[in-house]
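S.K.: A single structure is presented below for examination.
The values are calculated or read from the model by the stated rules, or taken from the named source; none is laboratory data. Model, not experiment: these values are computed from the prediction. Neighbour counts run over all protein chains shown; Cβ positions are idealised from the backbone, glycine included. Note: areas computed on protein heavy atoms with side chains; ligands, DNA, RNA excluded. Shrake-Rupley method; radii C 1.70, N 1.55, O 1.52, S 1.80 Å.
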Amino acid sequence: MVSDLDRHVAKNSHLMKNLPDRVADTLLADAKSNKYCRGETVFMQGEKAQMIHIVLDGWIKLYRIAPNGNEAIVNVFTRSHSFGEAVALKDEDYPVSAEAVTDCKLLLIPARSIVSIMKEEPDLCVAILASTFQHLHEMVSQLEQIKARTGTQRVAEFLLDLSNCESGSCMVVLPYDKILIAGRLGMKPESLSRAFSRLQEIGVKITRNHATISDIDALRNYVSVDPATAWNKAL
């Protein structure tokens, strides 16, 4: 049984927000919500993909284990994000594992239900395509960050994404531990620590799981600086 609050969050998710109510209600009729504790596995790499997931609350990480045993963070999702669409619809195995990085709640929609409804409702087909494109866009953005920005700029942009301030000072809560933040940004933990230290020069102070930003505009300007400018000065 899906509560009224969960239905509201699901209907405003990236996957369902543009669907007609009749289509959304049909999907939700066969859905269920599950709670997961921090550190609990949602699914493992190699398992058969049978569900599409929508995050109702909390944070989820998708990751792969490399041949050398290292964990590679693929993405981190929070409220209103969906994942697993493409692989579930193709009836294939999950290429990644999913784990709750905070206590969280997910909405699980059986892939068979979506496939059945897609045959009758073209709006759902468009929604699935749009959601898949959104995931692709996010992956391209991550690659751009890694290729075109310094590690400190990536950390600065991460903090900007968490803030809800347009100007002036701001305080943000780091949503999960610093090891996961480093993995999410393609960095080693020690590199993240050095980046936090460098950001002090432009008014960013990290205290436990909080970041105090003295000037949002200064941080935004720092992110937009071409890294080649700093490199050229060093030559």
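S.K.: Are there any pairs with C-beta distances below 8 angstrom linking a residue in region 101-118 that is of a type in the set (A, V, I, L, M, F, W, C) to a residue that is assigned to a helix (DSSP H, G or I) and surrounded by fewer than 17 Cβ atoms within 10 Å (Cβ to Cβ), with the two at least 6 apart or on different chains, and if so which?
M.R.: That search, which allows pairs on different chains as well, returns M118/C125.
S.K.: Give me a count of the residues in region 84-100 that are of a type in the set (A, V, I, L, M) and closer than 15 Å to I73 by Cβ.
M.R.: Number satisfying all stated conditions: 3.
S.K.: Just checking, how many residues over region 1-33 are outside any loop (DSSP other than H, G, I, E, B) and in contact with a helix residue (DSSP H, G or I) (Cβ under 9 Å, 6 or more places away or on another chain)?
M.R.: 13
Condition check ((1) of a type in the set (D, E, K, R); (2) surrounded by 12 or more Cβ atoms within 10 Å (Cβ to Cβ)) across all residues:
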{"residue": "S3", "(1), (2)": "no, no"}
{"residue": "D6", "(1), (2)": "yes, yes"}
{"residue": "V9", "(1), (2)": "no, yes"}
{"residue": "S13", "(1), (2)": "no, yes"}
{"residue": "M16", "(1), (2)": "no, yes"}
{"residue": "L19", "(1), (2)": "no, yes"}
{"residue": "A24", "(1), (2)": "no, yes"}
{"residue": "D30", "(1), (2)": "yes, yes"}
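S.K.: I need the full set of residues from region 40-82 which are on the phi > 0 side of the Ramachandran plot and open to solvent by 30 Å² or more (accessible area, probe 1.4 Å), in order please.
M.R.: Within region 40-82, G46, G69 qualify.
S.K.: Same structure again: Residue check, S80 against (1) part of a strand (DSSP E or B); (2) in contact with a His (Cβ under 9 Å, 6 or more places away or on another chain), all met but one. Which one?
M.R.: Tallying (1) part of a strand (DSSP E or B); (2) in contact with a His (Cβ under 9 Å, 6 or more places away or on another chain), S80 fails exactly one: (1).
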